[in-house]
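Take a look at the structure set out below.
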Amino acid sequence: MTPRVVIVDDHELFRAGVRAGLEGLVEIAGTAATVDEAVDLITAEQPDVVLLDVHMPDGGGVAVLRRAAAAGTSARFLALSVSDAAEDVIATIRAGARGYVTKSISPEELAEAIRRVHEGDAVFSPRLAGFVLDAFAGARPAASDAELDQLTAREQEVLRHLARGYMYKEIALRLQISVKTVEAHVSSVLRKLQLSSRHELSRWAAERRLVD
């Protein structure tokens with residue numbers, strides 16, 4: 001099923017560019033330039049996903065999230081912003097967004113992010129995922145998490161670094177082990193969790209708020 005999408009951004013040229021880039025990849029239900037327009041459009045159209053700018057003159061993405069939630073929308077929200085500041089990412093996620101990507105993303109990558117958010121995934125670049133993990137550090141996984149309990153302490157440590165966006169070589173340096181050992185741990189974690197990629201591992205960790 002192709003997700004229906006509303007685009008919210010106060011810059012007309014950017015809205016037009018995103019719409020053109022996504023044509024044929026998703027269904028565009030409409031665009032909005034202000035918080036009021038966005039809430040009215042979301043309420044009327046009930047899209048699957050809202051692409052949401054973070055900074056707008058009349059309150060921005062957080063205001064849209066709060067007002068749309070109060071209006072009872074079932075839409076999921078994906079922030080699309082020029083800002084990669086930790087405070088913007090954290091505030092937007094706390095307000096209810098399911099993901100946060102920057103405006104350097106390609107149309108194809110954005111369409112894939114939209115589809116994943118529509119399916120219920122949380123979508124972040126590795127660096128931004130680290131901000132979110134840090135912000136929710138107090139929320140540990142439940143001790144009864146059977147999947148997590150399969151992993152050794154070292155495997156969990158490698159997983160946390162991976163979810164924060166570190167490369168294998170960086171993880172090896174931080175943990176004072178070899179790159180081959182890091183690769184072996186990652187392979188073991190993938191096998192135990194029945195996942196197929198580093199990307200899926202990062203998402204798995206983010207959904208469980210797994211952090212040091």
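Throughout, read-outs are computed from the coordinates displayed, never taken from laboratory work. All values reported here derive from a predicted model rather than from experimental measurement.
If you fit an axis through the alpha-carbon atoms of helix 198-207 and take the longest principal axis of the Cα set of the chain, what angle between them do you get, 0 to 90°, nearest 10?
Once rounded, the angle reads 70 degrees.
Enumerate the amide H contacts of ARG76 below 5 Å, restricted to partners 5 or more residues apart or on another chain; note that Pro and chain-start residues carry no placed amide H.
HN-HN under 5 Å from ARG76: VAL49, VAL50.
Please report the Cα spread of segment 1-75 along all three principal axes, rounded to whole Å, starting with the longest.
31, 27, 16
Could you list which residues have their amide H under 5 Å from that of ILE28, counting only those 5 or more apart in sequence or on another chain, with H placed in the peptide plane?
Here VAL5 satisfy the definition.
On C-alpha positions alone, give me the angle between the axis of helix 12-22 and the longest principal axis of the chain, in degrees, nearest 10.
With both axes taken from Cα atoms, the answer is about 60 degrees.
Below 8 Å between Cα atoms, with a sequence gap of 6+, how large is the relative contact order for the chain in percent? Intermediate values should be presented prior to the final figure.
Values: 330 pairs, mean separation 33.5, N = 212.
Averaging sequence separation for qualifying contacts and normalising by length gives 16 percent for the chain.
Once Rh for segment 1-40 is found with the Kirkwood sum over Cα pairs, what is the Stokes-Einstein diffusion coefficient at 37 °C and 0.692 mPa s, in µm²/s?
Approximately 316 µm²/s, per Stokes-Einstein.
Using alpha carbon centroids, what distance separates segment 1-78 and segment 154-212, in Å?
34 Å
Using 0.36 nm per residue of separation minus the Cα-Cα distance, give me the extension gain between ASP121 and ILE105 in nm, one decimal.
4.0 nm
Go ahead and estimate [θ] at 222 nm for the chain from helices alone: -39,500 (n - 2.57) per DSSP H run with n ≥ 4, summed, over the residue count, rounded to 500.
On the way: 11 runs with 112 residues, N = 212.
Mean residue ellipticity at 222 nm (helix-derived): -15500 deg cm²/dmol.
On a 0 to 90° scale, report how tilted helix 153-163 is relative to the longest principal axis of the chain, with both axes built from alpha carbons and the result rounded to the nearest 10.
It is inclined by approximately 30 degrees.
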